[in-house]
Amino acid sequence: MAIGLEYGFNTAYFALAASFAIVVMFDAQGVRRATGKQARILNKITEDIYWQGRIDEVRLRELVGHTPFEVIVGFLLGVTIAFLSY
């Protein structure tokens with residue numbers, strides 16, 4: 001938003017910044033969130049194996065990525081901050 005306000009919304013700068021922002025938001029909401037779900041399942045599996053005495057338990061980090069609501073709120077917060085600082 002800040003680049004759009006500064007250089008215009010029909011410039012290559014804004015197109016590049018918007019594309020980058022979309023990729024980052026998609027990654028935070030989709031790919032990284034799926035990684036967190038997989039970590040939760042793997043932690044349950046390793047817990048089960050740990051109780052059988054076969055391995056030492058090392059827990060994976062489960063809170064990876066964001067929910068769609070968090071991504072939308074982050075987008076709106078970024079737009080608001082850009083408007084307020086411009």
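What follows is calculated from the coordinates using simple rules that are stated; it is not laboratory data. Since this is a predicted model, take the numbers as computed values, not measurements.
The length gained on full extension between Ala82 and Phe20, counted as 0.36 nm times the residue separation minus their Cα-Cα distance, comes to 20.7 nm. Rounded to the nearest Hz, the phi-derived 3J(HN,Hα) couplings of the range 69-86 under the Karplus curve 6.51 cos²θ - 1.76 cosθ + 1.60 (θ = phi - 60°) are 4, 5, 5, 5, 5, x, 4, 5, 5, x, 5, 4, 5, 4, 5, 5, 8, 8, where x marks glycine and proline. Under 5 Å between amide hydrogens, built in the peptide plane, is the criterion, and for His66 it picks out Gln29, Arg33 among residues at least 5 positions away or on other chains.
Across the range 6-22, coupling constants 3J(HN,Hα) worked out from phi with the 6.51/-1.76/1.60 Karplus curve, θ = phi - 60°, read 7, 9, x, 7, 10, 9, 5, 4, 5, 4, 5, 5, 5, 4, 4, 5, 5 Hz, and Gly and Pro carry x.
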